[in-house]
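**Student:** Sharing a structure with you now.
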Amino acid sequence: MKNTYLGLFFTSLAALMLEILLTRVLSVATWYYFAFFAISVAMFGFTLGALTVYLKKESFEGEKLYTKLTAFALVFGISVDVALMIFLSIPFYPRFTGTGVFSTVLIYLVLAFPFLCAGVVVCLCLTRFPEKTGLLYAADLIGAGAGAFMVFPVLNAMDAPSAIMLSGAVGALGAIFFSKTISIGRAEGLKKGVAGVFLLLTAFTLTNAVFQPVKLEWVKSKFNSPDVESWNAFSRIAVYPLNYVKSPYSWGLSTAYTPQRRVGERMIDIDGISETVMTMYDGKAGSAPHLKYDVTSIAHYMRDNAKVFIIGVGGGGGRDILAAREFNQKEIVGAEINDRTLELINGPFGNFTGHLDKLPNVRIINDEARSVITRSDERFDIIQASCIATWSATTAGAFSLAENSLYTVEAWETFMGRLTDNGILSFNRWYSPDFPAQLLRLASLASYTLKMQGVADPGRHIAVVRSDMPGKMPSATILIGKSAFTGPDIDKLRAAVIALDFKFVYDPAGYQDPMFRDVIEKAGDERFYASVPLDLSPSTDDRPFFFYTLRIKDLLEGKNFKFREQRFSAEGVTMLLVLMVVSVVLCAAFIFGPLLFAKGRAPLPTGGGAVGLLFFASIGFGYILIEIAQLQRLIIFLGHPVYSITVVIFAMLLSSGVGSIASGLWTRGGGLKASHIAVLMAALIMLLGLTLYFQPGILAGFERNGIGARIALSLIFLVPIGFLMGLPFPFGMSLASRSFKEHTPWFWAVNGATSVVSSVLSVCISITWGFTATMAAGLAFYAAAAAALLIFFSVSRSAARS
């Protein structure tokens, strides 16, 4: 059995690697919300694989078993490369048109095929060796956990297409181990052939990693050919040719700016959607005067000789650092989480950018900005963030990444706490004149945060200034003072606004746009939030979806699509609901369809089938809900989605694998008792309840610790939960194989089908009610699973006796 364990381990490792890597590629090739596409594709393929085993059981009997395991594992490895080539060759156009629907369905089916093969392998292993279910399920989970862990270092070492090819080679390695179990004639020739394919796939992977003959060329349905392309676990960064322009790239350039000379710029594109520039800079103050005319720099007119903290150095190609230097600020600290961005700016393009890391009075920290500020005891005169956000998806579960932990009440309380007494928090976003939802929500967030800190009149602490760029969408900067803005502060700001031909949206002692005045005065009033067209309530760490001001209920009612800022996010929420409907329909088809077409097997008893269905569906829903709730909670605590997915998925799958191994202590020799089930499931439910209630407060108390301590604390929560969550599945399969052996693939398919729905359901719950509600839903499903398992135990014993 050793080779079977290893074959399953490497197949599961490769499949989860492929799933996560597809979220990265899809995030770049198409829109961020299609990262869900990868999750749906994977679960769809796995479920089809299980149903193939269920409906074609005669094809996997006797001596055919190991030959089929070898064949499907090998085809999985080959089909990964083939599917990748087809995907990269077709411009992905996911729109509601004939060609859009056709290309989407075609790519869906092409990408699902490798997962179908992997699903056959996993299902055969888990259903054909009932006495070894616990150990095999452990090999499956531990392999998947290792796959999640490998994504981070692999993407830091090679581009995403090459990393996907590597997952195919790892799948072929699984086929090598399965082939070692074959004893029929010509086995040696087959083993050599499998080994040859593995070596060929490995060589193809390494060749592509070095020379990149196969790469991502279609980005957002457009042909893409940058000068430099660099991948890592955070993003795909593309740098385009040098361009000299009279009108420099800007988020809000003043019409008062008079070009003195052309400015050298290189466009940077992050994940095909977040654009910014690297500005040519010779290292001397005064070399980039246009930055003093940008609305993002307005805070510098109010504070001289300031100590400045820049959130997201690389996202603006270092522009905010250069701007602070143009104002001769005394000290500049910048935080940037993406090390590859810093490597490009200060490495190959260091001479172009003036080597930001070597500029006097400039200090750059490679870490997540909120984590840096949380752990720091320094105080700053200005904390600045200019259009910091990304729509890209860096983990499985796209909307868990679309939210941003910089835009929550808890984050702003931290920022305000790191300001000097006269310090200013400056955030900049695009300003849509028809309904500037993002700026209004920032105003709501600012006012509510100030109220939470005991400020009686938040309006005196807030100012909003916007640019006026003819023919372009303007941007606006909101300024929040630690103390109320004084008369001299307002005089300085008004003088700058007049000189730069900007416009006040909210003057703390003058003109105030009625919408902004209402939002600031009524921040925290739920009745007010219910009365406005979009969701302007302040986002929190538990519900941090700042950019999703279009509520799901509005979408269902067909309201508020007219606002410009909502068109993009509306597509994401629409796709989420479409995926939800499609997932439910497919789930029902996968569960009940096979029972109509299955031939040659005893009918599934009505009572046993219903209880088994409830149990396997409940743990399918419950596991994914708990896992995604933990992913989302720990994104903020650990500082980035990449850290969260590495720690959460690896820890939970590994500990669940250990739990599956431990399940043999109770299931071996048919020794499982109702008392065992009751005690262990009660322990799981109690632990989930304690985590639901106490985890947020405990995490908040450790925010200032280093990343090592934060990971250790995360593991303290995750490992016990994962261990206990690894027990129910082998318990259920042990009972099913004892009394309903012919139907065990169907039960496995039920578990997979409900996981498809759960992955989308978790995000719907999180967006609407928050992560705590998602966790509570997972707890409820495990409570249902506990009751169903006890009944299933009784039903299976009765069936075995009869």
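**Student:** Using Cα atoms only, what is the angle between the long axis of helix 133-157 and the major principal axis of the chain, expressed in degrees (0 to 90) to the nearest 10?
**Tutor:** Helix 133-157 sits at roughly 30 degrees to that axis.
**Student:** Let me ask another. I'm checking a number: the convex hull volume of the Cα atoms of region 104-209, normalised per residue, in Å³. What is it? Before the final figure, lay out the partial values.
**Tutor:** Numbers: hull volume 13.9 nm³, N = 106.
Convex hull of Cα atoms, per residue: 131 Å³.
**Student:** How large is ³J(HN,Hα) for each residue in region 373-378, as worked out from phi by the Karplus curve 6.51 cos²θ - 1.76 cosθ + 1.60 (θ = phi - 60°), to whole Hz, x for Gly and Pro?
**Tutor:** Going residue by residue, I get 5, 4, 7, 8, 9, 6 Hz, with x marking Gly and Pro.
**Student:** Next question, about the same structure. Taking K and R as +1 and D and E as -1, what net charge do the other residues with C-beta under 12 Å from the C-beta of Thr667 add up to?
**Tutor:** Numbers: positive: Lys132, Arg668, Lys673, Arg738; negative: Glu131.
Counting the neighbours of Thr667, the net charge comes to +3.
**Student:** Provide the per-residue ³J(HN,Hα) series for region 190-197, in order, calculated from phi with Karplus coefficients 6.51, -1.76, 1.60 and θ = phi - 60°, each as a whole number of Hz, with x at glycine and proline positions.
**Tutor:** Karplus-based 3J(HN,Hα) across region 190-197 equals 5, 4, 5, x, 5, 4, x, 5 Hz.
**Student:** Where does helix 566-597 land angle-wise versus the long Cα axis of the chain, in degrees 0 to 90, nearest 10?
**Tutor:** Orientation of helix 566-597: about 0 degrees from the principal axis.
**Student:** So, one more: Which value, in debye to the nearest 20, gives the size of the charge dipole of the chain about its Cα centre, when Lys and Arg are +1 and Asp and Glu are -1 at the Cβ?
**Tutor:** On the way: 66 positive and 57 negative charges, 361 e Å.
In debye, rounded to 20, the chain gives about 1740.
**Student:** When the chain is fully extended, how far beyond the present Cα-Cα distance does Ala678 get from Phe223, taking 0.36 nm per residue of separation? Don't skip to the answer; put the middle values down first.
**Tutor:** On the way: separation 455, 0.36 × 455 = 163.80 nm, distance 5.83 nm.
Going from the current span to full extension adds 158.0 nm.
**Student:** Here's a follow-up. Per residue of region 214-230, what does 6.51 cos²θ - 1.76 cosθ + 1.60 with θ = phi - 60° give for ³J(HN,Hα)? Whole Hz please, x for Gly and Pro, Karplus curve as stated.
**Tutor:** 10, 8, 7, 10, 9, 10, 6, 6, 10, 5, 10, 9, x, 5, 9, 10, 9
**Student:** Can you tell which of Phe204, Gly708, Leu116 lies farthest toward the positive end of the dipole of the chain, using +1 and -1 charges on the Cβ of basic and acidic side chains (Lys, Arg; Asp, Glu)?
**Tutor:** Leu116
**Student:** Leaving ligands, DNA and RNA out of it, work out the accessible area of Ile716 with a 1.4 Å probe and give it in Å² to the nearest 10.
**Tutor:** 120
**Student:** On a 0 to 90 degree scale, rounded to 10, what angle separates helix 160-179 from the longest Cα axis of the chain?
**Tutor:** Between the helix axis and the principal axis of the chain, the angle is about 20 degrees.
**Student:** Next up: Please list, by residue number, everything in region 519-544 whose backbone N is under 18 Å from a paramagnetic label point 7 Å out along Cα→Cβ of Glu413.
**Tutor:** Backbone N within reach: 523-525, 537-544.
**Student:** Taking only the alpha-carbon positions of region 699-800 and ignoring solvent, what does the Debye formula give for the base-10 log of I(q)/I(0) at q = 0.20, 0.24 Å⁻¹?
**Tutor:** -1.13, -1.29
**Student:** To continue, here is another question. Using protein chains only and a probe of 1.4 angstrom, how many square angstrom of Tyr244 are accessible, to the nearest 10?
**Tutor:** Per-residue accessible area (Tyr244): approximately 110 Å².
**Student:** Could you rank Ile78, Ile677, Ile142 by how accessible they are, 1.4 Å probe, largest area first? Walk me through the numbers before you get to the answer.
**Tutor:** Details: Ile78 70, Ile677 0, Ile142 45 Å².
So, going from the largest accessible area down, we get Ile78, Ile142, Ile677.
**Student:** Per-residue accessible area for Ser287 at 1.4 Å probe radius, Å² rounded to 10?
**Tutor:** We get 20 Å² for Ser287.
**Student:** As a test of reading the structure, rank Arg633, Arg379 by solvent-accessible area (1.4 Å probe, protein chains only), most first.
**Tutor:** Values: Arg633 25, Arg379 105 Å².
Solvent-accessible surface, decreasing: Arg379, Arg633.
**Student:** Next question. Restricting to DSSP H runs of at least four residues, report the calculated mean residue ellipticity at 222 nm for the chain, -39500 (n - 2.57) per run over all residues, nearest 500 deg cm²/dmol.
**Tutor:** -20000 deg cm²/dmol
**Student:** Straight-line reach from Lys57: which aspartates and glutamates fall under 15 Å, measuring Cα to Cα and dropping same-chain residues less than 8 apart?
**Tutor:** Glu742
**Student:** Turning to a different aspect of this structure: With the alpha-carbon atoms as the only input, what is the per residue convex hull volume for the chain in Å³? If you can, show how the numbers build up before the last one.
**Tutor:** Values: hull volume 124.4 nm³, N = 802.
Expressed per residue, the convex hull around the Cα atoms of the chain is 155 Å³.
**Student:** OK, next. Provide Ser386, Ser794 ordered by accessible surface of protein heavy atoms (probe 1.4 Å), highest first. Display every interim value, and only then the final one.
**Tutor:** Values: Ser386 5, Ser794 65 Å².
Of Ser386, Ser794, the descending order of accessible area is Ser794, Ser386.
**Student:** Greater than 23 Å separation of Cα atoms is the criterion. Which listed pairs, Lys292/Lys451; Lys192/Lys741; Lys330/Lys492; Lys56/Lys673, meet it? Let's see the in-between values first.
**Tutor:** Numbers: Lys292/Lys451 32 Å; Lys192/Lys741 35 Å; Lys330/Lys492 19 Å; Lys56/Lys673 33 Å.
Table pairs above 23 Å Cα-Cα are Lys292/Lys451; Lys192/Lys741; Lys56/Lys673.
**Student:** Please report, in cubic angstrom per residue, the volume enclosed by the convex hull of the alpha-carbon atoms of region 497-536. Working shown, then result.
**Tutor:** Numbers: hull volume 3.3 nm³, N = 40.
Looking at region 497-536, the number lands at 82 Å³ per residue.
**Student:** Next up: Can you flag which of Lys482/Lys553; Lys2/Lys68; Lys284/Lys307; Lys64/Lys132 are past 26 Å Cα-Cα? Don't skip to the answer; put the middle values down first.
**Tutor:** Numbers: Lys482/Lys553 36 Å; Lys2/Lys68 17 Å; Lys284/Lys307 19 Å; Lys64/Lys132 19 Å.
Over 26 Å apart, Cα to Cα: Lys482/Lys553.
The values are calculated or read from the model by the stated rules, or taken from the named source; none is laboratory data. The structure presented is a predicted model; accordingly, all values stated were derived computationally and were not measured. Note that we place each Cβ from the backbone using ideal geometry, even for glycine, and neighbour counts take in every protein chain shown. With ligands, DNA and RNA removed, areas are computed over all heavy atoms of the protein, side chains included. Shrake-Rupley method; radii C 1.70, N 1.55, O 1.52, S 1.80 Å.
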